[in-house]
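What follows is a single structure, written as structure tokens, with notes after it.
All of the numbers you see were taken from the coordinates with simple rules; none came from a lab. These figures come from a predicted structure and were not determined experimentally. Note: ideal-geometry Cβ built from the backbone for every residue, glycine included; neighbour counts use all protein chains shown.
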């Protein structure tokens, strides 16, 4: 959080926003797709809620200066959905893959590398972007027939580029990502992250007191509590009870890895529309990983299915904070259900195909 915040405060985001606006040349479809992909890629490394909050004023600025060619209601929801999908692309993107990875560790199984989930995430982003180009954009233009609510988001303040802070923060960021991947000397993700943040603060790229005050403590506390829930779920035997119930319901079909992956992908997607995805991932993975081990199935793709499925909650306005935030433009429940539900379904199918092909299930 601190390292990425330093990058944003250095003015690099403002420079990228100008580039994005020039590249699309005020084409709404092109602007939408590039915004969706940008949110997906960037959220692999930063909190998607913060990312959406930073992009919304930029979109408002572009919409106001476009003469009606770009409308917020057509871009806000893809922005939020891109942030959700991209959050599953690494262990730093969101709590979902991190929690699934912790369950693997708790149960004594091989764990994720930093980018284990990235191929599935990138496949979803690519397929959804193509769908937006060919038919999703036209559908949403037809569906979003409401008048936009007055925007309460202020236009982005012009942040001047600070070259020193930009160079330091980007360098620290890249080094941290490299260390996340290589994990030299058995260093933990926490040790690498704290060291990188300390370097950022030492060089004066951010104000330490401000960062501690603005830190997303609820997310950090939720993550810690969810890990405790997962640990208790495994050690108490509650997971075994759920496994026995699923075996009675689905019978021998669960021995097929394709069906097991589909089951937990679908369960994560549907249940997460009404439940916190952090708690959901913990419970799903606590059941899925031991079940996979019991049936001799590789637990890694099953854990990925839990993380990805639970991070695709787009079909209701209460699913996640990221989705709820963009409701300010005037989206109705049916808009979420139709657009978010369709993108979620496309994402689930793409994720299933990707996992099956990548892991040869």
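Results, tabulated for the structure shown:
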{"item": "Rg to Rh, two decimals, where the stretch 47-104 supplies the alpha carbon set and Rh follows Kirkwood", "result": "1.17"}
{"item": "Per-residue Cβ neighbour rank within 10 angstrom, fewest leading, 211, 102", "result": "211, 102"}
{"item": "Taking 131, 205 and counting other C-beta atoms within 10 Å, the order from fewest to most", "result": "131, 205"}
{"item": "Computed E for residue 221/residue 23 - FRET, C-beta separation, R0 35 angstrom, nearest 0.05", "result": "0.35"}
{"item": "72, 248, 332 arranged by Cβ crowding within 10 Å, fewest neighbours leading", "result": "248, 332, 72"}
{"item": "Percentage relative contact order, the stretch 2-359, counting C-alpha pairs under 8 Å, at least six apart", "result": "24 percent"}
{"item": "Estimated FRET transfer efficiency (residue 212, residue 357; beta-carbon r; R0 51 Å; 0.05)", "result": "0.70"}
{"item": "Pair-distance profile P(r), taking every C-alpha pair of the stretch 1-143, with 5 angstrom steps and integer %", "result": "2, 10, 18, 20, 19, 14, 8, 5, 3, 1, 0, 0"}
{"item": "When the convex hull of its Cα atoms is projected in every direction, mean area for the stretch 267-329 (nm²)", "result": "4.0 nm²"}
{"item": "Convex hull of Cα atoms in the stretch 50-209, direction-averaged projection (nm²)", "result": "13.0 nm²"}
{"item": "Volume per residue that the Cα convex hull of the stretch 2-359 spans, once the total is divided by residue count, Å³", "result": "134 Å³"}
